1. Just one of A:MET67, A:MET38 is in contact with a Ser or Thr (Cβ under 9 Å, 6 or more places away or on another chain), more than 14 Å from A:ILE132 (Cα to Cα) and at pLDDT 80 or above; which is it?
2. Check the range B:39-50 and report whether any residue there is touching a helix residue (DSSP H, G or I) at 6+ places or on another chain (Cβ under 6 Å), within 12 Å of another protein chain (Cβ to nearest Cβ) and modelled with pLDDT of 90 or more.
3. Which condition number in (1) within 14 Å of chain B (Cβ to nearest Cβ); (2) without any contact (Cβ under 8 Å) to a residue 24 or more places away in the chain; (3) open to solvent by 60 Å² or more (accessible area, probe 1.4 Å) is the one that A:ARG20 fails?
4. Only one residue in B:PRO164, B:PRO248, B:PRO156 is assigned to a loop (DSSP other than H, G, I, E, B), within 20 Å of B:ASN41 (Cα to Cα) and in contact with a strand residue (DSSP E or B) (Cβ under 7 Å, 6 or more places away or on another chain). Which one?
5. In the set A:LEU129, A:LEU175, which member is aliphatic (A, V, I, L, M) and under 21 Å from A:ALA250 (Cα atoms)?
6. Quick one: count up the residues across the range A:110-130 that are within 19 Å of the chain's Cα centre (by Cα) and within 30 Å of A:ILE178 (Cα to Cα).
7. In the range B:38-62, how many residues are over 16 Å from the mean Cα position of the chain (by Cα) and surrounded by 23 or more Cβ atoms within 10 Å (Cβ to Cβ)?
8. Under 7 Å by Cβ, and 6 or more places apart or on different chains, what pairs join a residue from the range A:1-14 that is more than 8 Å from chain B (Cβ to nearest Cβ) with one that is of a type outside the set (A, V, I, L, M) and part of a helix (DSSP H, G or I)?
Amino acid sequence: MQGLYAVFRKEICDHFTSYRFVILFALIAMISLITSYMAGIHLREDLEALAKTRYPFLMLFSTPGAMFSMVQFVAFFGPLIGLVLGFDSINRERAHGTLIKLVSQPIYRDAVINGKFLAGVMTVSVMLLSIILVITGFGLAIVGLVPGVEEIWRLFVFLIISIFYVSFWIALSILFSILFKSIVTSALASGALWIFLWLIIPVGANVLANAVAPINAHEETQAETIIKNARIKEITSLASPMVLYSEATAAIIDPMLNTTRSITLMGPMEKLLSSRFQNPLPLGQSLLVVFPHLTVLIAITLICFAVSYLVFMLQEIRT
Amino acid sequence: MDTPTVIETKDLSKEYDHQVAVDHLTFSIREGEIFGFLGPNGAGKTTTLLMLLGLTRPSKGSALVCGLDPMRKAKEVKRRVGYLPENVGFYGDLDAVESLEYVASLNGIRGTEARGKIEELLELVGLSEDARKKVGAFSRGMKQRLGIAEVLLKDPEVLFLDEPTLGLDPEGAVRLIDLISQLNQERNISVLLSSHHLHQVQKISHRVGIMITGKMVAMGSIESLAKEKLGLGGREYSLEEIYMKYFPEV
């Protein structure tokens with residue numbers, strides 16, 4: 001434990017004093033301020049026109065302002081935070097010859113990797129929490145909205161999911177920093193994977209779905225084909241953690257959302273119900289809707305960390 | 001034997017992909033001894049040290065360090081053994097005191113105890129005046145001395161020094177060797193010293209071992225090796241002369 005704590009403290013200290021963190025935090029604070037400001041302005045206009053909504057405060061996070069909503073923003077930038085915090089965690093120590101010194105101290109070897117991972121998670125938690133608090137403050141100031149208990153709980157769940165999501169990217173980048181001896185290679189590899197999961201998978205899902213179950217615009221297509229097409233598209237795009245996270249948090253932030261499925265995949269009764277009865281779900285039910293997403297998100301985070309843990313423990317360290 | 005051994009190996013071997021790095025190594029080091037560990041680059045000296053620390057798993061054979069098996073009790077062994085790796089690295093953005101504080105915290109030494117020790121060790125290695133300088137600006141000799149201070153934090157029983165004099169200027173090397181000798185005499189620390197500065201090794205070693213391609217080809221006090229290889233009467237000899245005898249004529 002003493003080793004874990006020492007490494008954790010050193011890493012936290014490094015994160016918070018590094019220029020990298022300061023620049024990253026400034027960037028994210030700036031974007032989230034603009035996003036929430038735009039969302040707030042939109043929301044104020046909407047609320048005047050809109051019939052009474054039950055949870056206006058949460059709309060601060062789900063309304064796209066100028067470009068994207070807060071949820072979309074975390075889905076897109078969260079990976080960047082995670083990757084930047086972790087991509088050089090092990091191979092930098094190796095390149096500087098400090099890793100061998102670290103493991104020749106009377107600590108268990110896993111203290112090094114656990115300490116680094118936990119420090120990353122801690123840093124991200126502080127970052128995300130402060131962003132949420134800033135937006136909450138904006139909501140109070142610009143729109144004059146006060147969050148209710150239910151909304152605070154939902155935001156808390158959103159925060160936890162976001163931390164897991166970014167932790168997945170930290171674990172991934174730590175894995176790369178163990179696998180690749182060169183810092184540049186691991187930075188490029190993690191960047192490439194980010195772009196792949198963000199851009200290629202959704203496009204690939206479309207291509208795959210149209211190849212397996214083609215929909216022709218001019219001819220009449222069977223309903224089964226359309227359903228098959230939609231289902232393939234959905235399942236394939238879930239391979240991207242961004243999609244996984246977006247769908248999971250959408251249901252948490254928006255209590256009106258009672259399924260993650262697209263409208264094509266709903267049965268007739270379901271369609272009727274969702275158009276006739278527009279009532280918000282309680283938080284427990286919202287969680288149930290995205291339960292599979294949450295399980296997978298937590299699972300990939302843990303698996304990713306477990307793999308890096310194993311690789312690191314079995315690796316021979318000479319420098 | 002009256003003095004107990006601190007390191008004992010029996011048939012210690014390590015293979016990498018069918019390439020033998022260390023070949024049935026059997027040797028022992030007694031308490032309070034400085035053992036000069038000699039041999040060309042790539043002879044398997046570092047691999048041997050890593051196996052003795054429990055950082056590398058031996059393919060065959062066994063080792064005892066301070067009476068403990070390094071593979072099973074790695075943490076206890078590392079508590080007793082200070083290892084200064086070849087080309088030891090530092091966090092360039094920390095100063096000398098901060099570096100030592102980090103190592104102290106990894107060893108579970110905290111607060112006033114750590115502060116007192118750090119001050120004392122900086123004095124010992126002659127870095128008191130540079131205590132608040134960034135390690136990134138240190139010269140090679142200063143870094144090696146800081147490295148020695150780091151391994152001394154845990155009050156080790158044994159020191160493994162892997163090429164501590166590598167790349168040092170003659171004066172720096174002499175000062176470092178004197179420091180090692182002083183530590184051995186004042187604190188009764190056993191030292192396993194690997195170095196190419198044969199003249200310096202000869203000055204302070206009680207015994208030497210010469211390792212070539214994974215095998216210990218010679219071991220003993222310098223006089224006995226001199227007798228064996230040079231067959232000398234009373235004439236002057238140097239460790240270098242002895243050392244060269246183990247290599248075929250060029």
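The values are calculated or read from the model by the stated rules, or taken from the named source; none is laboratory data. Since the model is a prediction, treat every value here as computed from it, not as a measurement. So basically every Cβ, Gly included, is an ideal-geometry build from the backbone, and we count neighbours across all protein chains shown. Ligands, DNA and RNA are stripped out before the accessible areas are found, and what is left, the full protein with its side chains, is counted by its heavy atoms. Shrake-Rupley method; radii C 1.70, N 1.55, O 1.52, S 1.80 Å.
1. The conditions single out A:MET38.
2. No, that holds for no residue.
3. Unmet condition: (2).
4. B:PRO164 is the lone residue from the list that is assigned to a loop (DSSP other than H, G, I, E, B), within 20 Å of B:ASN41 (Cα to Cα) and in contact with a strand residue (DSSP E or B) (Cβ under 7 Å, 6 or more places away or on another chain).
5. A:LEU129 is the lone residue from the list that is aliphatic (A, V, I, L, M) and under 21 Å from A:ALA250 (Cα atoms).
6. Going through the range A:110-130 one residue at a time, the tally reaches 13.
7. Of the residues in that region, 1 qualify.
8. Pairs that qualify, where the first residue is more than 8 Å from chain B (Cβ to nearest Cβ) and the partner is of a type outside the set (A, V, I, L, M) and part of a helix (DSSP H, G or I), are A:LEU4/A:ASN114; A:LEU4/A:GLY115; A:PHE8/A:GLY115; A:GLU11/A:GLY115; A:GLU11/A:LYS116; A:ILE12/A:THR123.
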